[in-house]
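To keep things clear, I will list the structure first and then write my remarks on it.
Laboratory data are not the source of any read-out in this text; all were calculated from the coordinates shown. Because the structure is a prediction, the values reported are computed rather than measured. Note that we place each Cβ from the backbone using ideal geometry, even for glycine, and neighbour counts take in every protein chain shown.
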Amino acid sequence: MNKTFLSLVLSACSLTANAGPVDSVFVWPYSNRNGDGLHLRWSSSVDGKKADITNGRLVGSDFGAWGSKKKMFEPSIVEGHDGLYVLVFSVDVPNQFGVATTRDFISWTPQHYPYMKGVEQVARPCVVKTRGGYDVVFFAGDKAGWLKTSTTDLIHFTDPVPTAAASQRNVKIPYGFLRSLQANEVFVRERDAKHNERAKDDAKRFEGLGDFVQTSFTFTNDSKPISDKLMGIFFEDINYSADGGLYAELVQNRDFEYSNADRGEWNATTAWTLVGEGATLTIDDKHPIHPNNSHYAVLDVRTFAANNTKTPSVSLQNSGFDGIVLKKGDKYDLSGFLRVDNTAQAAVTGKVGKVNIVLRDGDKVVGRTTLSAPTHEWRQQKAVITATADAEKAVLCVEPTTPGCFAIDFVSLFPQKTFRGHKNGLRADLAETLAALHPKFMRFPGGCVAHGNGIDNIYNWKETIGPLWERKAQPNLWGYHQSKGLGYFEYFTFCEDLGMEPLPVLAAGVPCQNSSHGGHGQQGGIPMEEMDAYVQDVLDLIEWANGDATTTWGRKRAEQGHPKPFNLHYIGIGNEDLISPVFEERYLMLIKAVKERYPDIIVCGTVGPFFEGSDYDRGWQIAADNKIDMVDEHYYCAPGWYLHNRDYYDRYDRSQSKVYLGEYAAHGDGRKSTIETALACAIHLCQVERNADVVAMSSYAPLLAKDGHTQWNPDLIYFNNTEVKPTVDYYVQQLFGQFAGDEYLRSEMSVSTRSHRSDVECRIASSAVRDSKTGRVYLKFVNMLPVEVRSSLSLPKELISSDKLCKATILSGAYDSMTARPTTSLVSVSPQSDLILPSYSMMVIEL
Ligand code: AHR
């Protein structure tokens, strides 16, 4: 810290007058060396002692890749116009700096990162108030010296010009701020403690509570219509959810398009091994099948042929995704593009090349066929292989039987038993597990995958339709490869199969705010001069989905085998973005264009990655100002958050945008799905159901995770090549999906403990809905206490006139159980009856 600070920092503007109360203080902004964020330090006027105002930072940087990679350096603050304080800071790229404003140092506007074109560095930025706005003065390196950029709106900055050096001065802030910052820190600490309450401490917490808690459950003779699309699924290609997961393709890197852009150690031959002698394998790109699929393998077995008369004993083997699983008697569609390589033709003129495709499990052959490479032109060859034995780790071998030089590409092996038997379809057991959730919609293709790691990685739906070899593979932001074999056509088909509303989410013209490619963080967005084309891409999607076969894009859908429209009703724009000016400009441009051209499409915007904060506030403000149909909320919180925010949506303004709770999960110790996390979500879903007049849709996230390839925990369903392993959270989602309604029946559940205990109350929840189509009523109860809850039910005569045996589905277990599963039984229910909810349980009763 600057040494002059001590002498300069003087509190109390009234000190000089030596009279009146201390009403303001001078503070000094700084960030720790590791760039953790803004701290304010002040000096006491009484004894000169200096101290940080708060223990923690006041605001961190949002600039850069995930988590601690987001750095704030050299913060500078000025008291600006109209009671605004302006913060600027340097970030860890040379030609940008951060800007944000606040009125109280508690709430901040979203950050903005202006680019200083052509400058070598932005160091020691200092913000200075000017008559009409602000200057930011910074050191641009020894050559350029000090430069200044000016702004009137803190969004647009002029090109920098030379200026004199400037440095941060102490900032005067009202004394009241100190108190409120400190009070806020205490409040946040208290709040965090509640959110961090864990079931492992329940025995102690509820010591003396007795063996059970008594409650009463009554209806209030009141009901309201609620969304009939409340429960859905969030599909993102994370954790190998697509290739190697839901997408049933068995050959990994079938098109030789893997590269080190996907993952450092990968290349075009990843998952392929050349076994045997007398052959070479090279990767070429001179005569590709399609420019989008530019690499192919060239297997040269001429040398071998010249020296031997026997069949070449060479094998190019693909290990699949952790091995290829085969089932005895099942049929597999094999296809591959082959040709005699032009460059090598001289050596093999007149011969038709032949290759065996052999499925081997160790030494055992478990299936085979032969393909030919008859010409110099690429030709797709197809065959069906029947597996002669079960195998879990088979390999697919390409084995030339004639000498020659073979170009090979797009080698594919698909089980015929895909979900609903679709070609290029989905792995049946996984798809069935999703179907069993009774989802009413599916969001795709992510998450962060939708807006991508840097502008060049933004997911482009047009590259995911049509012939597979014309689709454009892409590095997946989660550190692997996406073939796009599972593309928009397949997503929409799956939605149609399950009667789900498709909810495609498209980038709002900006990449993921956590991008680590192409600069850091959100970057400048798609250049404005390219935005018209991007907007058109979004409009084309709607035409592709809904247009008839005479429209340009509808025809493409029809050509792919779906002449009937898909009936798209929803489209998402943006994914938990940083609501910066760069974002806002592009986001509104897109939303306006969609609504103008397709007023009936329900547009779902975004309000950032948390349940509060600058993106949330600004996102909601934009939604209100622009009357956006729906916004996508995300929050991953500790179980305690859900318990202590049971009225979160009760407070939502019904006249504003609807909510799509697009991503949420309870994150407990070790990020596992347990009874504790699942019941926390169940308690939350009770309020979501109660508020399903404003919360129109919800989806737990993420959905799928493959063992050994998981970037994120917990997920709803884990799997490997042979097993599907739904988590405890899966069953809570299923209970809400299966026992859903379109009418909410208001009810009250009151707890009678000797003394009022909010910690008991917040662990009990209930909800009642009616499905107007079937007339069925579902009562849901959640008990997240370590003891039984006994509830006296008072049910109206219209629901139940006499004693009846009703089906009850119960999910319960130890709080840390990862294996609990629902069971069903019959319970006796009458207009007045007693119900026992086991400890740590969810129960659904069907009336
Ligand atoms: O669900 C995993 C990730 O969480 C999503 O990709 C992203 O939107 C969120 O941060």
Peptide ranges 480-487, 632-639 listed from the most packed, as the mean C-beta count within 10 angstrom indicates: 480-487, 632-639
Interchain or long-range residues, amide H under 5 Å from G605's placed H: I573, M630, V631, D632
HN-Hα J in Hz across region 183-196 - Karplus 6.51, -1.76, 1.60, θ = phi - 60°, x for Gly and Pro: 5, 5, 5, 5, 4, 5, 5, 4, 5, 4, 4, 5, 5, 8
Region 624-651-region 34-98 distance, computed between alpha-carbon centres (Å): 28 Å
Phi-based couplings in Hz for region 469-485 (Karplus 6.51, -1.76, 1.60; Gly and Pro marked x): 7, 9, 6, 9, 5, 7, x, 8, 4, 8, x, 8, 10, 10, 7, 6, x
Helix-derived mean residue ellipticity, 222 nm - over the chain, DSSP H n ≥ 4, -39500 (n - 2.57), to 500: -5500 deg cm²/dmol
Value of relative contact order over the chain, rounded to a whole percent, pairs C-alpha under 8 Å and six or more apart: 12 percent
Cα-based Kirkwood hydrodynamic radius, region 710-794, one decimal, Å: 15.8 Å
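How big is D for the chain, in µm² s⁻¹ as a whole number, if Stokes-Einstein is applied with the Kirkwood radius of its Cα pairs at 37 °C and 0.692 mPa s?
109 µm²/s
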Backbone HN-Hα couplings from phi across region 837-844 [Karplus 6.51/-1.76/1.60, Hz, Gly and Pro as x]: 9, x, 4, 6, 9, 10, 10, 10
Where trypsin sites (Lys or Arg not before Pro) fall in DSSP loop in region 168-243, at most 13 other Cβ within 10 Å: none
Cut-off under 5 Å, modelled amide H: who pairs with G320 long-range: Q252, L396
Under the Debye formula (equal points on every Cα, no solvent term), log10 I(q)/I(0) of region 551-594 at q = 0.17, 0.19, 0.25, 0.32 Å⁻¹: -0.66, -0.72, -0.86, -1.10
Extended-chain gain in nm, criterion 0.36 nm per residue less alpha-carbon gap, V186 and T218: 7.7 nm
For region 96-253, the spread of Cα positions along each principal axis, largest first, Å: 74, 62, 38
Whichever lysines have a C-alpha closer than 29 Å to that of K194, once near sequence neighbours (fewer than 8 apart) are set aside: K69, K70, K71, K204, K658, K672, K780
Compactness of region 366-440, expressed as Rg and Dmax over alpha-carbon positions, Å: 16.8, 55
Region 58-140 - convex hull of alpha carbons, volume per residue in Å³: 90 Å³
Under 12 Å from the Cα of K148 - aspartates and glutamates, other chains or at least 8 residues apart: D135, D159
Which of D285, D715, D669 has the fewest Cβ neighbours within 10 Å, and the rest in rising order: D285, D669, D715
Set of region 311-333 residues, backbone N closer than 19 Å to the point 7 Å along the Cα-Cβ line of E723: 321-327
Over 31 Å (Cα to Cα) - which of K331/K484; K224/K627; K328/K472; K286/K706 fall in this group: K328/K472; K286/K706
For peptides 412-425, 676-689, 734-747, sequence by mean Cβ density within 10 Å, most packed first: 676-689, 734-747, 412-425
FRET efficiency, 1/(1 + (r/R0)^6) with R0 60 Å, evaluated for D532 and T388 via beta carbons: 0.60
Ranked by how many other beta carbons lie within 10 Å on average, peptides 85-97, 526-538 from highest: 85-97, 526-538
Nonlocal amide H pairs with W146, under 5 Å, H built at 1.01 Å: A140, T163
